[in-house]
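**Student:** Quick one: structure below, then a few questions.
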Amino acid sequence: MLVQCIENEIAEIETSEKEKSEATRKLRSAADLLVIAAVSEWARAAETGKNGGLLEKSSDEETSEKIFSAVFESVGEGILLIDKDMEIVKANRRACEIYGLMVQNLIGAKVSSLTDEPGAHILTEFFSTLIEGQRKSAEVTGVYVDGKTFPATLTVTRSDMDGEKYWQIIVRDDTDRKNMEKQLREEKQIIEEMNLTLKNVLHSIERDKKEFENRVASKIRTTLLPSIAKISKTTSDGTRKVYLSLLEQQLLSLTEGFERELDGGLLKLSKTEIEICRLIQAGNSSKEICEALKLSFDTVQTHRRNIRKKLDLNGRKLNLHAYLLNRML
Amino acid sequence: MRTMWDEEFEVVIIGSGFAGLAAAIEARKYCDKVVVFEKMPVPGGNSSICGGIFSAAGTPLQAENGIEDSPALMLADMLASGQRFNYPELARMVAERSTETLLWTIEELDVKYQPSLSWVGGHSVPRSYNTWNASGSGIVKPMLAKCRELNIPVRLKSCLANFVDDGNNAIEGVEIREEYIFPKSESGTPKRIRATRAVVLASGGFSQDKEFRAIQNPRLTEDIESTNHQGATAESLISAIRAGATPVQLSNIQLGPWASRDEEGFGVGSLFSMLAGFPYGIIIDVSTGNRFVNEQSDRKLLVDSMLNLGTESIAIVDQKGVAYATTLDQCLKRGVVRKFDSIEELAASNHVPLMPLVNTIKSYNSSIEKGEDRFGKWIHKGLEPIQYPPYYSIRLLPKIHHCMGGIRINTLAQVIGIDTRRPIGRFYAAGEITGGIHGASRLGGNAVPECILFGRIAGANAAREPLRSGHPLSQE
Ligand SMILES: Cc1cc2nc3c(=O)[nH]c(=O)nc-3n(C[C@H](O)[C@H](O)[C@H](O)COP(=O)(O)OP(=O)(O)OC[C@H]3O[C@@H](n4cnc5c(N)ncnc54)[C@H](O)[C@@H]3O)c2cc1C
């Protein structure tokens, strides 16, 4: 419990992740040592209690037993004490929660019943090779009361008492840690996927660029070249001037067009109206427009009125040329 | 009354022992959304630590061993030990459907039992199965595995605080304290859970509730130990009474005469006395070395005579009798049962006067030969004189064990309202929380069939209640 609190504190501290995890690791191993010390003390106290049989325990002994069992009960890790028959002789509250069993069910049970078969083999191996005071850890698969399995780390320490072999096991349920690792793995995967996506985006931008270039080329082919052809064919000076200005405008729109703002109102215009707007934008007078489009003056004037209406310019002191100057058509 | 609900299930079950888990498994056959709430951090309650003794009449093992038995005989035994405080219609169901319930655990749950029957005190014949591991966990574990398989969540640290009714004499849901830390009643956060079909209360007895049990029976002072798990307390019973349930026979609280003075709770000694010491040995008063009671009486008679004695008592069995003990190794290992090469050593170690003890054994052995015992122990052909060393002794201490009282249900496991004397709508109960099935004294091994049978009935009936309509999760 205390360890948990300190761990949380560490998590809050503003320092590098590496320092934090180092601190947590140190704290945990200190806590483990404390637990191990507490367990041996507790077990010794319990042992003298038992050997004393009917005799009253001294009050000193009783207090220390109380303290140690309080530590034993409140540590955040599961603790099991195993005897030479591989049976559990003591278990704390956390161990009960980890395995979903009441202490009455844990006491007397074979420790092998708490893991899968490979786990049981590892434990047997530890029990037969560890020397007094030695400690070893292993990651095993634990079994919950309903048969569900979970990842667990077992730290086994041999700690003999009164000439009998005993082993303490600290049990850590790694479900959360594994989940965190899984989450990290998933996040990494997401980042990798994002990388891939970015690559694809770049790729498609490249493609778009190509497409754009193609479009420019085709625009040049379909609009500029015909205009130039018209210019070279035409005899009327006025008309040539009109086409030249149009050509200029078209060239401009090819280079600058994308930076100009797109106007909602312009979308309402008809094809002829757009044509007229383009000519106005290029600075042509109504008369010049009549000539270029082969329309009567009145018709052009009607178009101009309608354009003003559609662009919501009626009643405003703004001429069409000024308005259209910075818009993309 | 309109209520905000945090969550909704079809059947809501309180308690994860035999009764609650049987209800869950059965309810799941008829509907999808079933949940079990358990206040402790570990599931199983008393069921998971119980001795795993299952009494039933007319079983395959009885047939195999040529033992004649019938539900009628089992019922007669129940009514005799219950001193006819039993509601006969409920007791009859336990006797009549005990074998069906046993077979259900074998066929549905694949529970494994030991190959021989035990003869437990108060039963006229051997009719008790034992789980393979001499523990109720041999049944609870498969039940929990089944729940996992059926996607029935068992939510731990979730304590029932209150029932919520619909204002129309029916239960509509419960208030649960989530992340509850036993025994702090104010811990956790309240959540309202709606049951669109019904609620099943299966929260067990109150043998560990020192205050409440002393209110019901002042002789049960707080220094008396109990065999029960820590969570066997009365708050859910009180909630049920508040919700209109009928409390019955709450002062009928059983003490177990077979428990050991040398370990906490039920331990491993209780089964030693129950299966070997009492049926195949003798109980003596250590101060006199004399027998004082028929060792095969029901628990109430045994405890009453032990307490009347005012001194300590021990049970003694020899090498022949010890063969019936299922927990001998653990008992010896923990110093709960001690083994002696002679009666002299046994007497000295237990501070029993030797000559009277020797005489007691002699006279007991001769009553076996005569076929008649002055304390009324039934002399049958399996009973042998105490004469083959080594001898074994266990120091006895009666401990509070079982609550025969609780809330009143009918044969459909519906909770009976105290105002109307009719069922409260959508409210079921099963197991040790219910009262009056065993009367004044429950026979050994009769709780398991009772809890599972009524749990199944409650679960099935709860799941078949008509679905409540509406979208309450968004209600204000
Ligand atoms: C040590 C011992 C040995 C026994 N041996 C035998 C035997 O061999 N044979 C036999 O037939 N009988 C035996 N019995 C009796 C039998 O085990 C019980 O009567 C039976 O297990 C009760 O089952 P249950 O489902 O009603 O209650 P339990 O198994 O006790 O389950 C009730 C559950 O409800 C939970 N709960 C309580 N209140 C709340 C709340 N407010 N909110 C949420 N959850 C709550 C409890 O924590 C508990 O987990 C024994 C009893 C004990 C104590």
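**Student:** For the range A:287-329, run through the trypsin sites (Lys or Arg not before Pro) and keep only the ones in DSSP coil with at most 10 other Cβ atoms within 10 Å of their Cβ.
**Tutor:** Values: sites: A:Lys287, A:Lys294, A:Arg304, A:Arg305, A:Arg308, A:Lys309, A:Lys310, A:Arg316, A:Lys317, A:Arg327; in loops: A:Lys294, A:Arg316, A:Lys317.
Those that pass, being in a loop and sparsely packed, are A:Lys294, A:Arg316, A:Lys317.
**Student:** Under the rule of at least 5 residues apart or a separate chain, name every residue whose amide H is placed under 5 Å from the amide H of A:Gly78.
**Tutor:** Answer set, sorted by chain and number: A:Val171, A:Asp173.
**Student:** Let me ask something additional. Residue by residue through the range A:118-123, what is 3J(HN,Hα) from phi via Karplus (6.51 cos²θ - 1.76 cosθ + 1.60, θ = phi - 60°)? Round to whole Hz and write x for glycine and proline.
**Tutor:** Here the 3J(HN,Hα) series is x, x, 4, 4, 4, 4 Hz.
**Student:** Given R₀ = 41 Å, what would the calculated FRET efficiency be for B:Ile379 paired with B:Leu412, taking r from the Cβ atoms and rounding to 0.05? Don't jump to the answer; show the numbers that get you there.
**Tutor:** On the way: r = 43 Å, r/R0 = 1.05.
Computed FRET efficiency for B:Ile379 and B:Leu412 comes out at 0.45.
**Student:** Follow-up question, since we're still on this one. FRET efficiency for A:Glu248 and A:Arg185, Cβ-Cβ distance as r, R0 = 45 Å, nearest 0.05? Numbers along the way, then the final one.
**Tutor:** Working: r = 60 Å, r/R0 = 1.34.
FRET efficiency, A:Glu248 to A:Arg185: 0.15.
**Student:** Can I ask one more? Just in the range B:84-140: which chymotrypsin sites (Phe, Trp or Tyr not before Pro) are loop by DSSP and have at most 16 other Cβ atoms within 10 Å?
**Tutor:** Details: sites: B:Phe85, B:Trp104, B:Tyr113, B:Trp119, B:Tyr129, B:Trp132; in loops: B:Phe85, B:Trp119, B:Trp132.
In loop regions of the range B:84-140 (DSSP not H, G, I, E or B), the sparsely surrounded chymotrypsin sites (Phe, Trp or Tyr not before Pro) are B:Trp132.
**Student:** Sticking with this structure for a sec: For the protein assembly as shown, what class follows from the C-alpha gyration tensor (a ≥ b ≥ c being the square roots of its eigenvalues): rounded when a/c is under 1.5, otherwise prolate if a/b is larger than b/c, else oblate?
**Tutor:** Values: a/c = 3.83, a/b = 2.44, b/c = 1.57.
Cα axes put the protein assembly as shown in the prolate bin.
**Student:** If I model a spin label at A:Thr124 and A:Thr272 as a point 7 Å from the Cα along the Cα→Cβ vector, what separation in nanometres do I get?
**Tutor:** In this crude spin-label approximation the distance works out to 9.9 nm.
**Student:** Right, something else. Given a cut-off of under 8 Å on Cα pairs at least six residues apart, what relative contact order in percent is computed for the range A:183-325? Don't skip to the answer; put the middle values down first.
**Tutor:** Numbers: 71 pairs, mean separation 28.8, N = 143.
This gives 20 percent for the range A:183-325.
**Student:** Helix-only mean residue ellipticity at 222 nm, chain B, DSSP H runs n ≥ 4 weighted -39,500 (n - 2.57), per residue, nearest 500. What is it? Walk me through the numbers on the way to the answer.
**Tutor:** Details: 14 runs with 142 residues, N = 476.
Mean residue ellipticity, 222 nm, calculated: -9000 deg cm²/dmol.
**Student:** Which residues does a label at B:Arg242 reach in the range B:132-160, if reach means a backbone N under 16 Å from a point 7 Å past the Cα toward the Cβ?
**Tutor:** Counting backbone N atoms under 16 Å from the label point, the list is B:159-160.
**Student:** Trypsin sites (Lys or Arg not before Pro), restricted to the range A:63-123: which are DSSP loop and have at most 13 other Cβ atoms within 10 Å?
**Tutor:** On the way: sites: A:Lys66, A:Lys84, A:Lys90, A:Arg93, A:Arg94, A:Lys110; in loops: A:Lys84.
Listed in order of number, the matching sites are A:Lys84.
**Student:** Here is a further query. Averaged over its residues, how many other protein chain Cβ atoms are within 10 Å of peptide B:265-277's Cβ atoms?
**Tutor:** Values: counts 2, 1, 3, 3, 0, 0, 0, 0, 0, 0, 0, 0, 0.
So the per-residue partner count for this stretch is 1.
**Student:** Now a separate question. Can you tell me the order of B:335-347, B:398-410 when each peptide is scored by its average per-residue count of other Cβ atoms within 10 angstrom, highest first?
**Tutor:** Working: B:335-347: 17.7, B:398-410: 24.8.
So the peptides B:335-347, B:398-410, ranked by packing, come out B:398-410, B:335-347.
**Student:** Additional query: What does the structure give for A:90-103 when I average, per residue, the other chain Cβ atoms found within 10 Å of the residue Cβ?
**Tutor:** Details: counts 0, 0, 0, 2, 1, 0, 3, 5, 1, 1, 10, 8, 14, 6.
Counting Cβ atoms of other protein chains within 10 Å of each residue's Cβ and averaging gives 4.
**Student:** Let me ask something else about it. Considering Cα pairs under 8 angstrom that are at least six residues apart, work out the relative contact order of chain B and quote it in whole percent.
**Tutor:** Values: 1185 pairs, mean separation 121.3, N = 476.
Computed over chain B, the figure is 25 percent.
**Student:** Report the label-to-label distance for B:Val358 and A:Asp312 in nanometres (one decimal), using points 7 Å from each Cα along the Cα→Cβ vector.
**Tutor:** Reported label-point gap for B:Val358 and A:Asp312 is 12.2 nm.
**Student:** Something else: If you count, for each residue, the other Cβ atoms within 10 Å and average over each peptide, how do A:230-240, B:17-27 line up from highest to lowest?
**Tutor:** Numbers: A:230-240: 12.2, B:17-27: 32.0.
The most tightly packed comes first, giving B:17-27, A:230-240.
**Student:** Right, next: So between B:Thr311 and B:Asn169, what do we pick up on full extension, going 0.36 nm a residue minus the alpha carbon distance? Each step should come with its number before you reach the end.
**Tutor:** On the way: separation 142, 0.36 × 142 = 51.12 nm, distance 5.21 nm.
Going from the current span to full extension adds 45.9 nm.
**Student:** Taking θ as phi - 60°, what are the ³J(HN,Hα) couplings along the range B:377-391 by the Karplus curve (6.51, -1.76, 1.60), each to the nearest whole Hz, with x for Gly and Pro?
**Tutor:** Karplus values, whole Hz, x for Gly and Pro: 5, 6, 8, 10, 6, x, 8, 10, x, 8, 8, 9, x, x, 9.
**Student:** Averaged across the residues of B:41-49, what count of C-beta atoms belonging to other chains lies within 10 Å of each residue's C-beta?
**Tutor:** Details: counts 6, 12, 6, 6, 1, 1, 0, 6, 5.
Averaged over the peptide's residues, the number is 5.
**Student:** While we're on this one: In whole Å, what is the distance between the alpha-carbon centres of the range B:1-67 and the range B:401-474?
**Tutor:** Centre-to-centre (Cα) distance: 11 Å.
**Student:** Within the range B:1-45, what residues put their amide N at less than 18 Å from the label point 7 Å along the Cα-to-Cβ vector of B:Leu467?
**Tutor:** Only B:7-12, B:27-35 fall inside the zone, counting backbone N under 18 Å.
**Student:** Given the C-alpha centroids of the range B:202-227 and the range B:70-140, what is the distance between them in whole angstrom?
**Tutor:** The range B:202-227 and the range B:70-140 have Cα centres separated by 25 Å.
**Student:** For B:Glu372 paired with B:Ala323, estimate the spin-label separation in nm (one decimal), with each label point 7 Å from Cα along the Cα-to-Cβ line.
**Tutor:** Result: 2.9 nm between the two label points.
**Student:** Still on this structure, I have one more. Could you tell me which residue out of A:Leu295, B:Ser305, B:Ile416 lies farthest along the dipole of the protein assembly as shown toward its positive end? Charges go on the beta carbon: Lys and Arg +1, Asp and Glu -1, centred on the Cα centre.
**Tutor:** Toward the positive end, the furthest listed residue is A:Leu295.
**Student:** Moving to a separate point now. Using alpha carbons only, how many angstrom separate the centre of the range B:238-293 from the centre of the range A:303-329?
**Tutor:** 102 Å
Here, each number is a calculation from the coordinates, and none is a lab measurement. In this text, all values refer to a predicted model and were calculated from it rather than measured experimentally. As a convention, Cβ positions derive from the backbone with ideal geometry for all residues, glycine included, and neighbour counts pool all protein chains shown.
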